[in-house]
Structures are given as C-alpha cells and as structure tokens.
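Engineer: Have a look at this one.
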Amino acid sequence: MANEVGTHKIKVYYKTSESASEYTHLANVDSFPDLGGSKDKIEVTNLSDTCHRYIDGIDNYGDTLTFTAYFSKAEFAAVSALTGIVYWKVEINDDESAPTTCTFTGSVNFQIAGGGVGEAVKYNINITPNSAMVFA
C-alpha cells in the first residue's frame with residue numbers, strides 16, 4: 001500500500017485561546033504554505049580560517065504564512081474578527097493512524113484575493129507566526 005497523501009487530506013483549524021477545548025475548522029481552505037522552516041545561519045569565521053564558517057541559529061518560518069480560502073460570508077466574518085494571538089493547527093490525515101499535526105501561534109490579517117472573469121472569489125489568511133511549529 002502506498003504511503004503518499006493527497007492535499008485533500010489537509011485540514012486547517014484555529015482557536016482563540018490556549019484553554020479553548022476545541023478548534024474551529026476552516027472548511028473552505030484550498031491552499032496552504034510551506035510548514036516548518038530553516039535555521040538562520042550565524043557566521044563564526046575567524047582570522048585563522050581559510051573559508052567562511054557558520055553555525056545554526058534560531059528557526060525561521062518566514063514573516064507571513066498565507067492560506068487561501070474560497071469566500072464564504074460566514075467563514076470570512078469569523079476569520080476577519082480574529083484579533084491578538086490565535087492558536088493554529090494544520091492536520092495531515094493519512095487514514096492509517098492518528099493525523100500528523102503542526103501547531104503554532106500567530107496573529108492574523110486577511111485580504112480579499114484579486115480575481116478575473118469566471119473565477120471564484122477567494123481570500124487570503126495571512127498569519128505572522130510567533131511561536132515554534134510543533135509537529136506531532
């Protein structure tokens with residue numbers, strides 16, 4: 001049996017406080033950003049070295065994570081009302097075991113995405129991450 005997982009198995013959730021018992025599912029999300037990051041590089045070259053040397057610094061997830069969703073008045077109203085720190089969970093379900101999750105916190109803003117003739121209206125959920133991404 002193949003181990004590959006399609007993107008249709010991805011679900012995005014949020015909650016407004018750490019103590020909230022349940023996450024709210026964002027049903028209309030149709031694309032998600034890269035999750036995880038890279039380490040900043042710190043140069044540690046000294047005068048005795050013959051080449052530049054680096055060590056790993058802190059994780060860098062980028063300054064904005066953009067999820068795209070199809071416009072639904074109710075869902076858009078809920079997301080556009082979010083303020084402060086929001087708790088996010090992205091779930092990857094492989095149907096064989098418990099889903100793989102990525103959880104993190106971040107503030108959010110939104111924008112209606114541009115479009116053209118004959119296209120569905122979408123909006124962008126722009127998250128500024130402010131915690132480590134935890135994969136479980």
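The values are calculated or read from the model by the stated rules, or taken from the named source; none is laboratory data. Bear in mind the structure is a predicted one, so any value in this text is a computation, not a measurement. Ideal geometry is used to build each Cβ from the backbone, glycine not excepted, and the neighbour counts take in all protein chains shown. Ligands, DNA and RNA are excluded from the accessible area calculation, which covers all protein heavy atoms including side chains. Shrake-Rupley method; radii C 1.70, N 1.55, O 1.52, S 1.80 Å.
Engineer: Hey, got the dipole for the range 1-99? About the Cα centre, +1 on K and R Cβ, -1 on D and E Cβ, debye to the nearest 20? Please list the in-between numbers first.
Structural biologist: Values: 8 positive and 16 negative charges, 59 e Å.
Around 280 debye, computed over the range 1-99.
Engineer: Got the relative contact order for the range 73-136 handy, in percent, Cα pairs under 8 Å and 6 or more residues apart? Could the numbers behind the result be given before it?
Structural biologist: Working: 99 pairs, mean separation 19.9, N = 64.
This gives 31 percent for the range 73-136.
Engineer: Given a 1.4 angstrom probe, what's the average accessible area per residue across the range 33-113, in square angstrom?
Structural biologist: Numbers: 4990 Å² over 81 residues.
On a per-residue basis, the range 33-113 sits at 62 Å².
Engineer: On the protein heavy atoms, probe 1.4 angstrom, tell me the percent of accessible surface of the chain carried by carbon and sulfur.
Structural biologist: Working: 4490 of 8730 Å².
Carbon-and-sulfur percentage of accessible area, whole number: 51.
Engineer: Can I ask one more? Given the options Asn109, Ser38, Trp88, identify the residue whose Cα lies farthest towards the positive end of the charge dipole of the range 11-136 (+1 on Cβ of Lys, Arg; -1 on Cβ of Asp, Glu).
Structural biologist: Selected residue: Asn109.
Engineer: I'd like the FRET efficiency for Ile92 and Val117, computed as 1/(1 + (r/R0)^6) with the beta carbon distance as r and R0 of 30 Å, rounded to 0.05. Write down the numbers at each step before the final one.
Structural biologist: Values: r = 35 Å, r/R0 = 1.15.
In this case the efficiency is close to 0.30.
Engineer: For log10 I(q)/I(0) by the Debye sum over Cα atoms at q = 0.11, 0.13 Å⁻¹, the listed values are [x] -0.40, -0.56; [y] -0.33, -0.47; [z] -0.51, -0.66; which was obtained by calculation from the structure presented?
Structural biologist: Correct label, based on the coordinates given: [z].
Engineer: With contacts defined as alpha carbon pairs under 8 Å and 6 or more residues apart, what's the relative contact order of the chain in percent? Walk me through the intermediate numbers first.
Structural biologist: Working: 257 pairs, mean separation 35.0, N = 136.
It comes to 26 percent, rounded to a whole number.
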